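Notes follow once the structure below has been shown.
The values are calculated or read from the model by the stated rules, or taken from the named source; none is laboratory data. Quantities reported herein were computed from a predicted structural model and do not represent experimental measurements. Neighbour counts run over all protein chains shown; Cβ positions are idealised from the backbone, glycine included. Please note that ligands, DNA and RNA were not included when accessible areas were found on the heavy atoms of the full protein model with its side chains. Shrake-Rupley method; radii C 1.70, N 1.55, O 1.52, S 1.80 Å.
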Amino acid sequence: MGAPMTAESDHDWPRPPVGGWTSDDLDRLPNLPPHTELLDGSLVFVSPQTRFHSRAMRLLEYMLLTQAPGELDVDREMTIHLDRRNRPEPDILVITQEAITGSKQTKYLPGDVLLAVEVVSLDSEVRDREVKPRKYATAGIPHFWRVEENSDGYPVVYVYELDPATKAYAPTGIFHDRLKVSRPYDIEIDLTAINRRPPYTS
């Protein structure tokens, strides 16, 4: 998700310092648009959200949260401090309860995150398919889901698990109508329920 900042803007954006922005700058820079990310020292801004993107996030957040064990929690659109120059914002995160520090918290660390989920948008295809998964894997986040929209407007979920020896993700499944996995915990989601209201009964 997101679009790189361009030179053409109606706003007086701050000039990047030599070497680019840092993770801490996201909390310091005034008037940044909501959900600004940092990738390789560059600011990445969010484009207007599609209905599919919003509904997919709603479905996944609800189902991940209602099935999560007590020691885990689910957040949406919170950044992960990977390193000084990288602080991406997954669409959905499964994190440990111990990682939660309070209502003013703005980020998590890689060790706090069990699962990062990206819902692919038209302008974020390369980042969500290549750049961010590679960074999540290098940081040691054990599970990653990539969500794409099929021709009928339903989600297709590509599920990956980290190979700790290579620090790369290995695909473990592609789910079209119903997702069912046992890691990072037992999860079952009717993907065709994307346009229904919670509680998403089958």
(request) Among the residues of the range 111-131, write down those that are touching a His at 6+ places or on another chain (Cβ under 7 Å), crowded, with 20+ Cβ neighbours inside 10 Å and not small (Gly, Ala, Ser). (result) Leu115, Val119
(request) Name the single residue, out of those in the range 30-59 being open to solvent by 30 Å² or more (accessible area, probe 1.4 Å) and among the charged types (D, E, K, R), that is nearest to the chain's Cα centre (by Cα). (result) Arg58
(message) I need a count of the residues in the range 84-110 that are more than 19 Å from Leu65 (Cα to Cα) and open to solvent by 70 Å² or more (accessible area, probe 1.4 Å).
(response) 4
(request) State yes or no: is Glu98 in a helix (DSSP H, G or I) and out of contact with any Lys or Arg (no Cβ under 9 Å at 6 or more places or on another chain)? (result) yes
(message) Just to be sure I understand, how many residues within the range 137-167 are loosely packed, with under 15 Cβ neighbours inside 10 Å, within 26 Å of Arg84 (Cα to Cα) and in contact with a helix residue (DSSP H, G or I) (Cβ under 8 Å, 6 or more places away or on another chain)?
(response) 2
(request) Read through the list (1) closer than 21 Å to Gly111 by Cβ; (2) outside any helix (DSSP H, G or I); (3) open to solvent by 90 Å² or more (accessible area, probe 1.4 Å), then give the number of the only condition that Arg134 fails. (result) (2)
